[in-house]
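The values are calculated or read from the model by the stated rules, or taken from the named source; none is laboratory data. Predicted model, so just to flag it, every value in this text is computed and none were measured. Virtual Cβ from ideal backbone geometry, glycine too; neighbours counted across all protein chains shown. All accessible areas refer to the heavy atoms of the entire protein, side chains included, with ligands and DNA or RNA removed. Shrake-Rupley method; radii C 1.70, N 1.55, O 1.52, S 1.80 Å.
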Amino acid sequence: MKERLQAIENAALNQINEAKSLEQLNDVRVAFLGKKGEITEIMKCMKDLSAEERPAFGQMVNSVRQAIEEAIENTKTSMAAKLREEQLKSEVIDVTLPAKKSNVGHRHPNTIALEEVQRIFVGMGYEVVEGPEVEYDYYNFEALNIPANHPAKDEQDTFYINDKILLRTQTSPVQARYMETGKMPIRMIAPGRVFRSDEVDATHSPSFHQIEGLVIDKNITFADLKGTLAEFARELFGPETKVKFRPHHFPFTEPSAEVDVTCFKCGGKGCRMCKGSGWIEILGCGMVHPKVLENCKIDSNEYQGFAFGIGLERIALLKYEIDDMRLLYENDTRFLKQF
Ligand code: DAH
């Protein structure tokens with residue numbers, strides 16, 4: 001009996017020694033210590049022994065069982081340690097490798113310029129509104145006093161969805177839409193994307209952005225227009241900035257003007273930026289034409305107003321001294337993150 005037990009212990013320890021994985025180790029445990037294992041089996045011999053022999057035999061079986069259990073536990077621990085070591089080795093970090101750059105997003109120069117313009121007008125009590133990019137020919141032209149065969153339509157050729165619907169060529173239709181709501185008085189700006197069938201070059205794009213402005217109230221005069229836009233220019237380009245109103249023609253305003261500001265680069269002396277003139281054109285404006293007011297059901301004897309249109313890209317290019325509009329649309333982050 002004793003020899004048989006010894007043989008079981010030896011066999012078990014041998015197999016434990018040779019086990020290569022936790023699964024194999026578990027197989028050994030089942031084979032020797034399990035319900036149908038060798039140790040359980042040999043316990044059944046108990047009944048053939050005399051009462052005197054039993055305790056000694058029981059002790060022997062127990063010590064063999066303990067030896068096997070201990071061996072299994074120890075092997076398990078060392079296997080786990082080895083596994084962990086291998087894992088650590090395979091997951092070694094090379095601290096000399098260059099780290100991945102985390103690229104943080106950045107506002108586009110157009111966005112920065114727009115937010116600046118909005119800040120200025122909101123500060124003067126203006127509301128910011130929007131209109132559709134796909135617009136009726138009526139709002140884009142007719143309501144604004146540009147009849148079907150008007151030559152101004154030629155300069156603003158665009159993409160037609162059908163003969164009544166087009167991609168808006170200007171943000172001015174938002175004026176008409178807003179006036180139609182009948183809410184008075186009006187102080188609003190309307191930024192947004194506009195479209196023209198222009199070839200791409202350094203100063204043109206078939207899609208660009210404008211910021212429309214409109215004020216309608218009683219007793220609004222050209223002096224209000226001048227004061228407002230002069231203040232806007234000083235806020236945007238610096239307190240030294242002077243403005244010049246040049247007569248111009250827009251069908252929806254009368255009188256109309258284009259506004260120049262003193263070149264913020266040379267202060268008006270003349271440089272490359274202002275092409276030697278000392279002045280830079282920044283927007284178009286005028287007193288809202290009575291016909292436009294009437295088209296929008298506003299009594300032109302009671303109400304007057306002024307309007308203006310600013311090219312957003314133009315402001316961004318000027319402010320950041322960028323000499324090619326195409327750079328704004330290429331989305332090259334090396335360019336964009338400079339602003
Ligand atoms: N819509 C004009 C354009 O695209 C710009 C403009 C000029 C808007 C004068 C106005 C204005 O509101 O009063 O050329």
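For the range 323-335, filtered to residues that are open to solvent by 20 Å² or more (accessible area, probe 1.4 Å) and among the hydrophobic types (A, V, I, L, M, F, W, C), the residue that is nearest to the ligand (Cβ to nearest atom) is LEU327. Does VAL174 meet the test of being among the hydrophobic types (A, V, I, L, M, F, W, C), under 26 Å from the mean Cα position of the chain (by Cα), open to solvent by less than 30 Å² (accessible area, probe 1.4 Å) and within 23 Å of GLU142 (Cβ to Cβ)? Taking the combined requirement at face value, the residue does not satisfy it.
Residues that are touching a Leu at 6+ places or on another chain (Cβ under 8 Å) and open to solvent by 50 Å² or more (accessible area, probe 1.4 Å) within the range 148-164 comprise PHE159, TYR160, ILE161, listed in sequence order. For GLU199, the conditions (1) touching a residue at least 24 places away in the same chain (Cβ under 8 Å); (2) closer than 25 Å to ARG326 by Cα are fulfilled apart from (1). Checking the range 257-272 against the condition returns a match, with at least one residue being within 16 Å of the ligand (Cβ to nearest atom), at pLDDT 95 or above, within 22 Å of PHE306 (Cβ to Cβ) and surrounded by fewer than 20 Cβ atoms within 10 Å (Cβ to Cβ). Contact map, the range 69-91: residues that are touching a residue at least 12 places away in the same chain (Cβ under 8 Å) and under 23 Å from ALA31 (Cβ atoms) paired with residues that are of a type in the set (D, E, K, R) and surrounded by 11 or more Cβ atoms within 10 Å (Cβ to Cβ), Cβ distance under 7 Å, separation 6+ or inter-chain. Pairs shown: ILE72/ARG29. A single entry from LEU167, LEU144 fulfils the requirement of being touching a strand residue (DSSP E or B) at 6+ places or on another chain (Cβ under 7 Å), farther than 30 Å from GLY34 by Cβ, hydrophobic (A, V, I, L, M, F, W, C) and buried (at least 18 other Cβ atoms within 10 Å of the Cβ): LEU167.
On the given criteria, is MET179 touching a Cys at 6+ places or on another chain (Cβ under 6 Å) and not in a loop (DSSP other than H, G, I, E, B)?
Criteria met by MET179.
Filtering the range 282-312 to residues that are within 14 Å of the ligand (Cβ to nearest atom), surrounded by fewer than 21 Cβ atoms within 10 Å (Cβ to Cβ) and over 21 Å from ASP224 (Cβ atoms) leaves only GLY311.
Annotation for the range 207-226: no member residue is within 16 Å of the ligand (Cβ to nearest atom), farther than 21 Å from CYS285 by Cα and assigned to a loop (DSSP other than H, G, I, E, B). Among the numbered conditions (1) open to solvent by 70 Å² or more (accessible area, probe 1.4 Å); (2) within 13 Å of the ligand (Cβ to nearest atom); (3) among the hydroxyl-bearing types (Ser, Thr, Tyr), the only one that THR181 does not meet is (2). Look at the range 227-246: where a residue is without any contact (Cβ under 8 Å) to a residue 40 or more places away in the chain and a partner is assigned to a helix (DSSP H, G or I) and open to solvent by 10 Å² or more (accessible area, probe 1.4 Å), sitting 6+ places away or on another chain with Cβ atoms under 6 Å, you get THR241/ARG234; VAL243/ALA230. Of the residues screened, GLU133 is one that is under 24 Å from the mean Cα position of the chain (by Cα), modelled with pLDDT of 90 or more, open to solvent by less than 90 Å² (accessible area, probe 1.4 Å) and among the acidic types (Asp, Glu).
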